[in-house]
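Some notes on the structure that comes next.
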């Protein structure tokens, strides 16, 4: 009987470790999928590809920017359509690139939060820097951005 208990305990411990590994692999895979969604957005930005940009967002996503104005900070809101149109309007000879410096990805089930410090370049010259904060949800098996807010500054880059 004692041997049976030891064998059962060993099986339970082994099963628990195996489930833990699957769970860790699942989170790692989800993080890669979330990162891929964000990377696709910025490839679309660099390529000035409206379809690629739009594909990264959920249907009713919100985009906001924290900006300084004469009376302090303000939040400017733009629609996904407005953002897409502004990128499509960039002249072909102008190169734009947002370089994400790191990704801090947190996931709970079907929701993800991502913090990405960045630098932004126009024609290879540093324009500004800041941080993006993304909220994503897995919809129909794909991660989509439902909310994006960023900061923009010219100093301290």
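The values are calculated or read from the model by the stated rules, or taken from the named source; none is laboratory data. It should be emphasised that the depicted structure is a prediction, and the values quoted were computed from it without experimental measurement. When we count neighbours, we look across all protein chains shown, and the Cβ atoms used for this are built from the backbone with ideal geometry, even at glycine.
For every residue, the table says whether it meets (1) closer than 15 Å to residue 38 by Cβ; (2) in a strand (DSSP E or B).
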| position | (1), (2) |
| --- | --- |
| 75 | no, yes |
| 90 | no, no |
| 93 | no, no |
| 97 | yes, yes |
| 102 | yes, no |
| 114 | yes, yes |
| 117 | yes, yes |
| 137 | yes, yes |
| 144 | yes, yes |
- request: Can you give me the number of residues within region 77-88 that are in a helix (DSSP H, G or I) and touching a helix residue (DSSP H, G or I) at 6+ places or on another chain (Cβ under 9 Å)?
  value: 7
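Of the residues 127, 133, which single one is over 27 Å from residue 93 (Cβ atoms) and without any contact (Cβ under 8 Å) to a residue 40 or more places away in the chain? Show your work before the answer.
Working: 127 fails: over 27 Å from residue 93 (Cβ atoms).
It is 133.
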task: Being surrounded by fewer than 16 Cβ atoms within 10 Å (Cβ to Cβ) and in a strand (DSSP E or B) is the filter here, so list the residues in region 39-64 that pass it.
output: 59, 60, 64
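Could you run through region 88-108 and say how many residues are exposed (fewer than 10 other Cβ atoms within 10 Å of the Cβ) and more than 14 Å from the chain's Cα centre (by Cα)? Working first, answer last.
So the first thing to find is which residues in region 88-108 are exposed (fewer than 10 other Cβ atoms within 10 Å of the Cβ), and the list is 89, 91-94, 102, 108.
After this cut, where a residue has to be more than 14 Å from the chain's Cα centre (by Cα) as well, the list is 89, 91-94, 108.
Number of matching residues: 6.
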message: Which pairs turn up if I take residues in region 141-154 that are crowded, with 18+ Cβ neighbours inside 10 Å and look for partners that are modelled with pLDDT of 95 or more and not in a strand (DSSP E or B) with beta carbon separation below 6 Å, at least 6 apart in sequence or on another chain?
response: 143/33; 143/34; 143/37; 145/56
